[in-house]
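Novice: Take a look at the following structure, please.
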Amino acid sequence: MPTDKIFGGTFNTLEKSLDILNKRHTLIAGNIANMDTPSYKPREIDFKEALGNAMNNKTVGMIQTHPLHFGRINEYSVYVDVATDQSSNGLNWVDIDKEMTKLAENNLMYRTGVEVLLKKLAGLKHAIIEGGR
């Protein structure tokens, strides 16, 4: 039995969005870690575009041209460099205030997604327990 009939599309969407938010967190943390690296350009994931690609099953990655090469990477995220025409701090283009704001926003979105997932699982658990009586 396909799990889509039991769980619906919500679980699939939540899984993909949490994966993208996790990757975004890693990029933001990397930007903060490299704030003293000369000429470092901060990177970002466009969450809306990446989630849209994930929901439409559009992948970005390598194409296998030889049987011994690694296969296609199941990667939906769209990595972009933050515009370098912004003001530089003299060393690079990392603005710690903007990065910390992005990190807090990303954390809030991730926690909200986890809470929604937990509520859906609690509803499923309730249906299983009540259905067995």
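The values are calculated or read from the model by the stated rules, or taken from the named source; none is laboratory data. Since this is a predicted model, take the numbers as computed values, not measurements. Because the Cβ atoms are built from the backbone with ideal geometry, glycine has one as well, and the counts that use them run over all protein chains shown.
Novice: Find all pairs meeting these conditions: Cβ atoms under 7 angstrom apart; at least six residues apart or on different chains; first residue within region 24-39 and at negative phi; second residue in a helix (DSSP H, G or I) and surrounded by fewer than 16 Cβ atoms within 10 Å (Cβ to Cβ).
Specialist: 32/96; 35/96
Novice: List pairs: first in region 88-116 and over 28 Å from residue 11 (Cα atoms), second surrounded by fewer than 16 Cβ atoms within 10 Å (Cβ to Cβ) and among the small types (Gly, Ala, Ser), Cβ under 7 Å, 6+ apart or cross-chain?
Specialist: 92/39
Novice: Kindly list the number of the only condition in (1) over 22 Å from residue 112 (Cα atoms); (2) modelled with pLDDT under 90; (3) more than 20 Å from the chain's Cα centre (by Cα) that fails for residue 8.
Specialist: (1)
Novice: Given the conditions (1) under 26 Å from residue 107 (Cα atoms); (2) modelled with pLDDT of 90 or more, report the number of the one that residue 93 does not fulfil.
Specialist: (2)
Novice: Could we say that residue 39 is at pLDDT 90 or above and of a type in the set (Ser, Thr, Tyr) here? Break it down stepwise before answering.
Specialist: Details: at pLDDT 90 or above: no; of a type in the set (Ser, Thr, Tyr): yes.
Criteria not met by residue 39.
Novice: OK, next. So residue 29 ticks every box in (1) surrounded by 14 or more Cβ atoms within 10 Å (Cβ to Cβ); (2) assigned to a helix (DSSP H, G or I) but one. Which box is left unticked?
Specialist: Against the list (1) surrounded by 14 or more Cβ atoms within 10 Å (Cβ to Cβ); (2) assigned to a helix (DSSP H, G or I), residue 29 comes up short only on (1).
Novice: Here is a check on your reading of the model: is residue 122 part of a helix (DSSP H, G or I), under 27 Å from residue 9 (Cα atoms) and modelled with pLDDT under 90? Explain how you work it out, then say what you get.
Specialist: Numbers: part of a helix (DSSP H, G or I): yes; under 27 Å from residue 9 (Cα atoms): yes; modelled with pLDDT under 90: no.
Here the answer is no, as residue 122 does not meet what is asked.
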